[in-house]
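*Asks:* Have a look at this one.
All of the numbers you see were taken from the coordinates with simple rules; none came from a lab. Keep in mind the model is a prediction, meaning the values are calculated, not measured. As a convention, Cβ positions derive from the backbone with ideal geometry for all residues, glycine included, and neighbour counts pool all protein chains shown.
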Amino acid sequence: MILKLFKNDLYDLLKLLYDSQIKVKQDEYAALSQQEMADILSFSKVKVNKMIKELKENNFIQNYKDKKSKYIITNDGLRVIEIFETGLEGK
């Protein structure tokens, strides 16, 4: 299952983006630079860059309106968070 992808630091980054979301009008997105993410998670900026790329390639996040440093968590990403937070993996 795709959750094997998250047996490392990817979940921490995805959860950080989720927890950092702001709501502006009808939209909800996380507005953090890669350096800010790296500082918060104690990762290098290079590591965060690679992880962001991997999350995008696997459709867990996407850029908000093609803006740098603004990310939307996709339905797939939200499902991963739900599974980890509620333990629904088998359902």
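*Asks:* I'm trying to understand the selection: among the residues of region 10-66, which are within 13 Å of residue 81 (Cβ to Cβ) and part of a strand (DSSP E or B)?
*Replies:* The answer is 21, 30, 61.
*Asks:* Find the residue count for region 29-68, including only residues that are over 12 Å from the mean Cα position of the chain (by Cα), of a type in the set (Gly, Ala, Ser) and surrounded by 13 or more Cβ atoms within 10 Å (Cβ to Cβ).
*Replies:* 2
*Asks:* Quick one: in region 59-77, which of the residues that are in contact (Cβ under 8 Å) with a residue 24 or more places away in the chain and in contact with a Gly (Cβ under 9 Å, 6 or more places away or on another chain) is nearest to residue 33 (Cα to Cα)?
*Replies:* Looking at residues that are in contact (Cβ under 8 Å) with a residue 24 or more places away in the chain and in contact with a Gly (Cβ under 9 Å, 6 or more places away or on another chain), I get 61.
*Asks:* When you scan region 70-91, how many residues do you find that are over 12 Å from the mean Cα position of the chain (by Cα) and either of a type outside the set (A, V, I, L, M, F, W, C) or part of a helix (DSSP H, G or I) (or both)?
*Replies:* So the answer is 9.
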